Amino acid sequence: MKIVVCIKQVPDAKNVRIDPHTHTLVRQGVESIINPFDLFAVEAALRLKDRHGAHVTALTMGPPQAEEALRDVLSRGVDDAVLLSDRAFAGADTWATATALAAAVRKLGDVSLIFCGKQAVDGDTAQVGPELATLLDIPYATFVKQVELGDEGRLKVVRKTDEGMEVWRLPLPALVTVLRDVGDPRVPSIKHKMRAKKAAVPVWGLADVGLSEDRVGLKGSFTQVVRVFSPPKRADRRMLEGPVSEQVEKLFQFLKEAKVPGL
Amino acid sequence: MNYFLTDEQKMIQELAEQIAREKIRPVRAQLDEAEEFPTEILKVLAQSDLFGVCIPEEYGGLGGGILENCLAVEQLARACIGVATSYAASGLGAYPILLYGSEAQKAAYLPDIAAGKRLAAFAVTESGAGSDVTAIRTTAVKDGDSYVLNGTKQWITNGGEADIYSVLAVTDKTKGPRGASFFIVEKGDPGFTFGKKEKKLGIRASATRELVFQDCRIPKERLIAREGMGFIIAMKTFDKSRPGIGALGVGLAQGALDIAVEYARKRIQFGKPIITFQAIQHKLADMAIKTEAARALIYAAARHLDTDPPDAGKVAAMCKVFASDTAMEVTTEAVQVLGGYGYMRDYPVEKMFRDAKILQIYEGTNEIQRNIIGQELNKEYGRMKETFF
Ligand SMILES: Cc1cc2nc3c(=O)[nH]c(=O)nc-3n(C[C@H](O)[C@H](O)[C@H](O)COP(=O)(O)OP(=O)(O)OC[C@H]3O[C@@H](n4cnc5c(N)ncnc54)[C@H](O)[C@@H]3O)c2cc1C
């Protein structure tokens, strides 16, 4: 079984500063890390590999230094890695990103399962996974906390939603975006670290994945960031404390005083 | 300081540091408080290949030597020597097999130890035989195709948790120091049980138990090397393992120094950070000097010992004494730098101070190490033709 894990290098949120004039992230000089949710995606893939055997490929689109992120996951036990990197990919929104990733997955060929993190901590859109599945025309499940490979090659997943847990069965190939509940990312091993150091990481550009320039990068993007700003602080928030029954009572009084219709 | 480590050595160091930072540091206080064996952390260490650091590649290890072992141990110890002791004791238990085991014994045990699937332990001490190893009373009597063991081992690290035990027992009382032998005993062997877990001052994440042998029958193939080799195997094992105790000391001292300096920079008294007071600066300076000196000794000695030199016993003892005394001194001063806060369980130096003491006691007390060094000096100078005054 071939598994692909999509990962992304993001600025380390602990050290990110906001430019006071432009209100955008200052990325220069900020250390990069792997998007934390993507490490859970890697872990989910490796656990399936441990149990059932699989070939796990890590895929990222990014600048040349994103190779670092790929070597990190290789040192945790991923089998091989591909870096999608081309000037033409720059400035991509989620759709243009998914377009490039989809082309790379097609080029890899015969992929049964794709794992993504639930969202990236820099953009926070949670769109790339579903878009990638849509472009590949395969089923997907988001916000997954548990993954099992059942009989007849069907995937059983448990989704955590605001309404509760959902258990789904998906035919393969499929795409899954995962939550941290899938299990703590493993640390590297010495043997994998040594392999990762020497591993060849192929770099695929626009021509390698057979896309035209107008479909990727800024040109292939449907959305553009016009302005970034901090939302105004939400005023007048109060925390209710004490036993739940007391809190309910306080809330009821409060709503009544606020003259909420029907109370 | 640059110790000119190879890429592979740096990799071992970095990985052990990562595990210490991510997996050990966050839980060390809780493991200590609950006296809880670090099963989950040992699983992480297993998966990271670190249990195989000094086991040859043909048995699934990384083929490193004493230096590689010290590098791993030091980094783990920087976070918690209770956890690091559990890790290191498995290596200690493996050494008799590694150094003197038959091909079949190595093939049967080393791959599992290297993979961290089975934990090992080393059992010499008894209630009446601490420093005086020759006073052991556990016996192993040959009976057909078996040996039958009787006796009780005391204070065995990883006791009850380990699957593989290297056990020293008397095979011929009449032969004195040539009358003891090492055996491999497995958890589950008939007649082999464990006593209660000891309650300790420090290294409370490590498990220390009695091993009880009551007509414990094992196949005769479990004898390591030949009958009578027991004390030689014990000594050769210590030559390999004692630098590792030194590395525990270096790591612990570094861990205490890290906290003391950080704290001294933040703690304000008389309107200034206490690190601006010369009395505190000098303390920190002495702590840093001793820690670095201990590290330099351990690394240099480990490289030397990896060449199997004739003075191995003396050099290994020097590592153990110097670095463990350093750890005791540095952790004591770390508590002093933190003042009352250092005495409280809320800060990690309280635990480090309690933990440090064991390093001066186990694997041969520091008095015994000084005996070894002193006796060796006497012999060395006795052999010399040159006079110095
Ligand atoms: C937490 C813990 C874990 C341990 N783990 C293991 C293990 O895994 N395997 C194992 O086999 N053992 C283990 N031990 C035992 C340990 O190695 C012994 O405690 C140690 O060798 C000292 O023996 P003793 O405690 O009987 O002290 P004693 O030998 O009774 O010594 C008491 C004091 O007298 C001093 N002394 C004794 N003889 C001399 C001498 N000739 N010259 C000068 N001073 C002397 C000692 O230095 C010490 O200060 C462990 C002990 C502890 C506490």
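Any read-out appearing in this document is the output of simple, stated calculations on the displayed coordinates, not a laboratory observation. This is a predicted model, so every value here is computed, not measured. Here the Cβ is made from the backbone with ideal geometry for all residues, glycine too, and neighbour counts use every protein chain on show.
Identification of helices (runs of 4 or more DSSP H) wholly contained in region B:57-146 with 2 or more residues that are closer than 19 Å to B:Q18 by Cα and touching a Lys or Arg at 6+ places or on another chain (Cβ under 9 Å) yields B:66-79, B:81-100.
Are any of the residues in region A:188-198 away from chain B (no Cβ under 14 Å), hydrophobic (A, V, I, L, M, F, W, C) and either surrounded by 11 or more Cβ atoms within 10 Å (Cβ to Cβ) or under 27 Å from A:T142 (Cα atoms) (or both)? No. Evaluating B:L201 against the criteria (1) in contact with a helix residue (DSSP H, G or I) (Cβ under 9 Å, 6 or more places away or on another chain); (2) under 24 Å from B:A114 (Cβ atoms); (3) within 12 Å of the ligand (Cβ to nearest atom) leaves one unmet condition, (2).
Residue-level analysis places A:V111 among those that are on the phi < 0 side of the Ramachandran plot and not in a helix (DSSP H, G or I). Within region A:209-227, the set of residues being surrounded by fewer than 16 Cβ atoms within 10 Å (Cβ to Cβ), of a type outside the set (F, W, Y) and touching a helix residue (DSSP H, G or I) at 6+ places or on another chain (Cβ under 7 Å) comprises A:G210, A:E213, A:K219. Scanning region B:82-129 for residues that are without any contact (Cβ under 8 Å) to a residue 12 or more places away in the chain and within 13 Å of the ligand (Cβ to nearest atom) turns up B:G128, B:A129. One residue alone among B:A20, B:A46, B:A16 is more than 10 Å from every other protein chain (Cβ to nearest Cβ), assigned to a helix (DSSP H, G or I) and within 30 Å of B:Y109 (Cα to Cα), and that residue is B:A20. Regarding B:D346, is this residue outside any helix (DSSP H, G or I), away from the ligand (no atom under 12 Å from the Cβ) and closer than 29 Å to B:V27 by Cα? Taking the combined requirement at face value, the residue satisfies it. Go through region B:204-248 residue by residue and tally those that are touching an Asp or Glu at 6+ places or on another chain (Cβ under 9 Å) and more than 16 Å from the ligand (Cβ to nearest atom). Within region B:204-248, residues that are touching an Asp or Glu at 6+ places or on another chain (Cβ under 9 Å) and more than 16 Å from the ligand (Cβ to nearest atom) number 10.
In region B:49-82, the residue that is surrounded by the fewest Cβ atoms within 10 Å (Cβ to Cβ) out of those that are within 14 Å of chain A (Cβ to nearest Cβ) and in contact with a Ser or Thr (Cβ under 8 Å, 6 or more places away or on another chain) is B:D49.
Need the failing condition index for B:A46 against (1) more than 20 Å from the chain's Cα centre (by Cα); (2) among the small types (G, A, S); (3) crowded, with 18+ Cβ neighbours inside 10 Å, just the number. (1) is the only condition that B:A46 fails. Can you spot a residue in region B:148-162 that is more than 16 Å from the ligand (Cβ to nearest atom) and among the hydrophobic types (A, V, I, L, M, F, W, C)? Yes, because at least one residue in region B:148-162 is more than 16 Å from the ligand (Cβ to nearest atom) and among the hydrophobic types (A, V, I, L, M, F, W, C). B:L31 - would you say it is more than 13 Å from chain A (Cβ to nearest Cβ), in contact with a Phe, Trp or Tyr (Cβ under 9 Å, 6 or more places away or on another chain), more than 22 Å from B:I224 (Cα to Cα) and not basic (K, R)? So B:L31 passes the test. Of the residues contained in region B:281-303, none is found to be in a loop (DSSP other than H, G, I, E, B) and more than 16 Å from the ligand (Cβ to nearest atom).
Given the criteria away from the ligand (no atom under 16 Å from the Cβ), on the phi > 0 side of the Ramachandran plot and over 23 Å from the mean Cα position of the chain (by Cα), does B:G339 qualify? So B:G339 passes the test.
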